[in-house]
Amino acid sequence: MDSTKEIGKTDKAIQSLRNHVEELGAKATELCQQHFDLVMAENKLKSWDGKSVLFVQTRLRGNSLTANWYEVRWYGSKSSKTRRMTKKLIHKQKGDYGYNMAVLLKLAQPWEIDMIQTIEPKLREIRREVAFTNKALFYLNQIERIES
C-alpha cells in the first residue's frame, strides 16, 4: 500500500472534519443570534424587572466550539453614564453536553421561555457532535504523526 495515498486520505478526512466543526459553529451562532434578536426586541418594550438577564454566546477557536449561557448584570448609574454590563457564566451539568433547563428557566423571563426551550436542546446536540468530531480529529492526527 502506498503511504502517500493514505496520508492524503487522512489529510482530507481531517480537513473535512474541521469544515464540519465550522459548519456546526455557524449553526450554533445562528441559534444564539435568534435568542439575541428576540431579547433586544423585547427588552426595548420592558421595564427593568421584565428584561432578560440571559445571554448565549458561541466561540469557535481552532477545532473547539463553546456555546455558553451567561447571566447578565448591570451596575453603575445610567444618568452619570457609568453603567456597565457584566456577564456571569452559568455552568453546565457535569458529564452532560447541555445546561440544566431548570436553571435556565429560573433566570428566564416568561416571554423567552419558548425560545430557550427550543434553542438549548439544539445547542446541546451541537456541543455533543463537536465533542465526537474532536475525538475523531485527535485520532486522525495521531495516525498522521505515526505515519510521518
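Every read-out reported here was derived from the displayed coordinates using simple, explicitly stated rules and does not represent laboratory data. Everything quoted here is computed from the prediction, not taken from an experiment. Counting neighbours? That spans all protein chains shown, and the Cβs are built from the backbone with ideal geometry, glycine included.
Scanning residues 5 or more positions from Ile90 or on other chains, those with amide H under 5 Å from its amide H are Trp69, Tyr70, Glu71, with H placed 1.01 Å from N in the peptide plane. Annotation: amide H of Gln109 within the under-5 Å range of Val53, sequence separation 5 or more or interchain, hydrogens built in the peptide plane. A simple rule links phi to the HN-Hα coupling: the Karplus curve 6.51 cos²θ - 1.76 cosθ + 1.60 with θ = phi - 60°, which for segment 133-148 gives 5, 5, 5, 5, 4, 4, 5, 5, 5, 4, 4, 4, 5, 5, 6, 9 Hz, with x for Gly and Pro. About its Cα centre, the dipole of the chain is roughly 860 debye, where the only charges are +1 on Lys and Arg Cβ and -1 on Asp and Glu Cβ. A simple count of charges around Glu129, restricted to other residues whose Cβ falls under 13 Å of its Cβ and scoring Lys, Arg +1 and Asp, Glu -1, yields +3.
Measuring against 23 Å, Cα to Cα, the residue pairs Lys44/Lys92; Lys9/Lys122; Lys46/Lys78 contain Lys44/Lys92; Lys9/Lys122 as the ones spanning a longer distance. In segment 7-141, the ratio of gyration radius to Kirkwood radius, Rg to Rh, stands at 1.08 when only Cα atoms are counted.
Reducing segment 15-53 and segment 54-78 to their Cα centroids gives an inter-centroid distance of 10 Å. Using a Cα-Cα cut-off of under 15 Å, which aspartates and glutamates could be cross-linked to Lys135, ignoring same-chain neighbours fewer than 8 residues away? Here the aspartates and glutamates satisfying the reach criterion relative to Lys135 are Glu144.
Each residue of segment 23-34 was assigned a 3J(HN,Hα) from its phi angle through the Karplus expression (A = 6.51, B = -1.76, C = 1.60, θ = phi - 60°), giving 5, 5, x, 5, 5, 5, 4, 4, 4, 5, 5, 4 Hz with x at Gly and Pro.
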